[in-house]
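Following: one structure in structure tokens, then a few remarks.
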Amino acid sequence: MTSHHNTILHGNCLDILPTLPDRSVRFILTDPPYITRYRPRDGRTIRNDDNFTWLAPAYAEMYRVLEPGSFAVSFYGWPQAHRFIEAFRKAGFRVVGHLVFPKHYASGRGRLRYQHECAYLLAKGNPPESAAPISDVIPWTTYTGNKLHPTQKPLAILTPLIDAFSAPGELVLDPFAGSGSSLLAAKSRGRHYLGIELDDRYHAIAARRLGASCVRSSL
């Protein structure tokens with residue numbers, strides 16, 4: 001296991017992931033930029049949401065550090081689904097499932113009212129099937145208000161994923177940690193966690209949520 005656990009690192013995952021050992025992570029749960037130039041009413045932005053140069057190399061590194069026979073869950077932006085799927089497959093992942101998180105409110109509107117988020121379940125190798133698989137529809141029952149991050153996810157939709165695809169004491173990685181919700185979910189379920197966040201503001205927020213002892217300098 002990598003020594004960088006129960007930590008959120010401040011830096012670019014393209015710089016930090018290559019420093020991690022091969023096959024050192026049990027489960028990846030991540031919410032990367034959707035590549036949609038998203039900007040809420042308050043004007044906040046998300047780093048690298050305006051380009052996809054990071055996409056393929058990031059998933060190649062995620063595949064390398066993940067243990068064989070393990071899973072990753074990646075949220076994604078549906079307008080760029082083709083780019084995400086191409087990056088997954090180029091890295092070596094198999095797409096083995098699709099998750100939908102229906103909301104009771106619309107987070108935006110265009111030709112449709114946008115009332116769900118989605119994620120892919122990715123496999124490295126051939127993990128065994130679960131005797132009691134979770135549903136691929138997980139209701140988004142809590143509204144965070146996106147107070148800590150423009151795309152903040154509620155813990156209630158993350159903890160079932162932690163429970164389903166990792167065990168207590170195993171290491172969960174999020175290379176696009178944002179305000180640290182995936183890491184907090186992992187911590188609450190007795191997992192080790194490792195996050196990477198590029199943006200100063202959100203790294204500081206995640207560090208506060210997880211405890212000051214988790215802060216480490218960029219590598």
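The values are calculated or read from the model by the stated rules, or taken from the named source; none is laboratory data. Keep in mind that this is a model prediction, so the values were computed, not measured. Note that we place each Cβ from the backbone using ideal geometry, even for glycine, and neighbour counts take in every protein chain shown.
Give me the pairs: first residue in the stretch 75-88 and in contact (Cβ under 8 Å) with a residue 60 or more places away in the chain, second residue of a type in the set (D, E, K, R), beta-carbon distance under 7 Å, and six or more apart or on different chains, which are they?
Qualifying pairs under 7 Å: Phe75/Asp31; Phe75/Glu117.
Specify which of the listed residues (Asp136, Asp163) is farther than 23 Å from Arg23 by Cα and of a type in the set (D, E, K, R).
On inspection, the qualifying residue turns out to be Asp136.
So Asp163 clears everything in (1) of a type in the set (D, E, K, R); (2) modelled with pLDDT of 95 or more; (3) touching a strand residue (DSSP E or B) at 6+ places or on another chain (Cβ under 8 Å); (4) within 24 Å of Val96 (Cβ to Cβ) except one condition, right? Which one?
(3)
Of all residues in the stretch 3-24, how many are surrounded by fewer than 14 Cβ atoms within 10 Å (Cβ to Cβ) and modelled with pLDDT under 95?
The total comes to 1.
Residue check, Thr36 against (1) closer than 24 Å to Leu161 by Cα; (2) at pLDDT below 95, all met but one. Which one?
Unmet for Thr36, out of (1) closer than 24 Å to Leu161 by Cα; (2) at pLDDT below 95: (1).
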